[in-house]
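Step one of this worksheet: look at the structure below.
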Amino acid sequence: MTHHPKERPNSLSRRGFLLRSAGAAAAFSGVDGLLAACGNTTSVPQGLAGPGGLPLARPDKRVTLPRWEDPIKSGLKPETGGTFTVFNYPSYLYKKVLNDFGAKYGVQVQYTPFDNVNSGLQRLASGGVTPDVMEITPDTLDIGVAGKLIKPLNLDYIPNLQKNIWPQLVDPFYDGESRYTVPYTCYATGIAWRADQIKKDIAGMDQPWDIFWESQAYKGKVALLSENRETIGMALLRKGITDINTEDPALVNQAVSDLKELYAVCNIKVDDLQYQTVPEGSSWLHQAWSGDMIAGYIYYLPKGTPASALAYWKAPRGKVPVQSDCFAICSTTKKPVLSHLFLNYLLDNGVAYENFVDFNGYQPPLNEIDPSTLVQKGVVPENLANSVLTNDDFGPDSLQYGTLTSRGQQLWEDGYSNFLAGGGS
């Protein structure tokens with residue numbers, strides 16, 4: 001693996017401001033009709049809907065999305081021949097996995113990359129691409145469904161969902177009944193550091209997030225994720241505010257003010273290269289996703305450097321941001337049955353494990369994976385076992401970044417721009 005899926009210079013952040021151009025207008029078309037036609041749609045109080053007009057899902061507030069068309073019928077034969085197109089982040093799916101799928105079903109698999117999910121949806125809405133399946137995230141489902149960009153699923157074709165996947169993600173809060181998505185990978189947000197350079201017991205601190213405000217000695221070696229939700233969310237959590245979807249301007253603006261202090265403290269940087277820079281030692285302290293240190297250990301730790309040089313901390317359940325990436329079937333597909341079988345294929349125990357261990361380092365939510373198993377197999381060193389998540393991490397008390405209202409999105413985006421302007425990036 002030479003590139004990390006989130007390594008896209010000069011692109012919008014992973015959870016950047018949703019679809020601003022003419023492509024967005026195309027995506028939003030038909031939203032009112034969709035809501036009016038679906039009697040099972042939760043009513044949406046004014047101001048409490050996403051940009052596409054659908055209810056805001058939260059871990060403690062489940063949403064079952066309306067179907068804008070009927071799923072395909074059961075028992076159909078898969079389409080064969082021609083090209084099958086997967087639309088995703090660059091280098092976020094093992095080429096061997098794709099080739100094996102193509103060989104199994106007699107198609108040529110094409111991999112089309114996007115910069116991020118939001119720009120991918122914009123390209124899909126504009127007709128610039130016509131993929132069969134794509135990655136999507138819970139906070140972008142509002143656009144995908146309301147814009148009729150992804151198709152409702154028939155789970156009869158996807159038995160591996162019920163068979164192999166964590167219960168919390170078989171019927172997730174953001175997509176009740178898994179009407180549109182299946183999970184792909186999962187991760188938490190915490191702190192990665194070089195334990196051979198930073199001797200402070202970060203995990204033992206009363207508030208480990210304080211380490212960024214106490215990092216004067218590591219100036220030039222400290223960075224945060226290049227993400228508007230993650231950076232501002234971290235500053236909120238540091239002050240004990242667990243509503244990481246708040247749209248209160250006072251809270252967001254205070255978090256931004258706190259972040260701007262880091263320029264004087266440590267000349268803070270922002271990037272999404274932590275999976276490489278921490279193992280290689282060019283960063284000593286970095287906000288990071290849990291999959292980063294697993295990938296870093298597998299691919300980037302220099303030969304001769306012990307695994308103990310890497311350390312990772314995440315907050316206890318209910319205080320740590322967790323997320324899942326998903327796969328959906330695009331409305332442009334000409335192979336709907338095969339698309340369903342591809343989603344099922346990704347959830348196969350052997351395929352998902354191979355993609356994880358042999359390529360991207362990001363954990364699939366398989367029932368058969370647990371921290372002790374990965375340590376016993378030598379996939380993850382014991383000191384990084386806390387990078388592995390479990391079903392319990394995704395309960396109704398979990399913290400997950402969700403879709404914001406248009407007003408909230410603008411507030412967070414403006415706040416992040418303000419933070420970057422405080423010292424450059």
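Quick note: the coordinates plus some simple rules give every number you see, no bench work behind them. Here the structure is a predicted model, which is why all the values come from computation and not from measurement. Note that we place each Cβ from the backbone using ideal geometry, even for glycine, and neighbour counts take in every protein chain shown.
Principal-axis analysis of the Cα atoms of the chain puts helix 228-238 at an angle of about 50° to the longest axis. The alpha carbon centroids of the stretch 359-422 and the stretch 208-236 are separated by 16 Å.
Separation of the stretch 253-320 and the stretch 46-71, taken as the distance between their Cα centroids, equals 33 angstrom. Rounded to the nearest 5, what % of DSSP beta bridges with both residues in the chain are antiparallel? Antiparallel bridges: around 65 percent, rounded to the nearest 5.
Applying 1/(1 + (r/R0)^6) with r as the Cβ-Cβ distance of Ser372 and Met205 and R0 = 30 angstrom yields a FRET efficiency of 0.70.
From helices alone, the chain scores -9000 deg cm²/dmol at 222 nm; the rule is -39500 (n - 2.57) for each run of n ≥ 4 DSSP H residues, then divide by the residue total. Helix 406-421 axis versus longest C-alpha principal axis of the chain: approximately 30°, rounded to the nearest ten.
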